[in-house]
1. Once Lys and Arg get +1 and Asp and Glu get -1 on their Cβ, which of T159, L182, A137 lies farthest toward the positive end of the dipole of the range 118-189?
2. Can you sort R175, R41 by 1.4 Å-probe accessible area, starting with the largest?
3. Let me know the charge dipole size of the range 119-231 about its Cα centre in debye, to the nearest 20, where only the beta-carbon of Lys, Arg (+1) and Asp, Glu (-1) is charged.
Amino acid sequence: MRTETLLVRWSLQVGFLLVLVAFGCTPDDSPFRAENEVLKRQVLKQESLLSSLQDGNKVMQQQIDLLNQELRDARSTTEAAKNEAKHQIEQYELQLAETKRMIASQMTESLKVEEKGAQSDTLPRPMPTVAKVVEDALARNGYHLKVSVKTDQRAVYVTERKISNPASLEVTGSRNQYLISLQALPDSLTKLGVKAEFERVAQGGRILTVSHEETSEIERRLINEINKALDSPAKT
């Protein structure tokens, strides 16, 4: 009896398996398909994000390239402006040097005429030092400069005419104008030339004739004052 029962159970199990095979039943794989779909959507999202990042990177790179080009253009423009400014400065310097040369040449020719009859002296000082002492001496004696021209080798001063009106009928006044020239010499020496246009003035503005010796004395006075100032340690 027990053997029959076992045979029946075995037969039922075999029959069930046969039914499953006959109907083609397979295990359920729907969870795997759902997970696969989720992964596909994530990949698509990542690909879309990566594409957006690449597009943004291209735009940024274009902006960087444009900024670099503008910077190069600005540097090129600045360099061109610097070169132009340098060229203009060089031209101005050339013009200035030529102007100084012409002035020095004109001064030399003019002084050849003006120095005739002037008192002169050679001073043991460089021209810039002598020029400063001359300017101080003129100012100290009330002479204002009308013309002042200086180059490296030459200097010329022309004063305004200084007038001293007569105080009375018995005393004459005077008026004077100085032409002073300086010339740089070797060994830090300077040639000083002084020419005076000295006149006596009587009451009513009448001009009196003066001798050459009196005019020469006026010129020598200024030269002596300049020498004394140069000998003073405080001045040199």
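The values are calculated or read from the model by the stated rules, or taken from the named source; none is laboratory data. Bear in mind that the values here come from a model prediction, so they are computed numbers and not experimental data. Backbone-built Cβ (ideal geometry, glycine too); neighbour counts: all protein chains shown. For accessibility, only protein heavy atoms count, side chains too; no ligands or nucleic acids. Shrake-Rupley method; radii C 1.70, N 1.55, O 1.52, S 1.80 Å.
1. Projecting each Cα onto the dipole axis, the largest value belongs to T159.
2. Sorted by accessible area, descending: R41, R175.
3. Charge dipole, the range 119-231, about its Cα centre: 280 debye, nearest 20.
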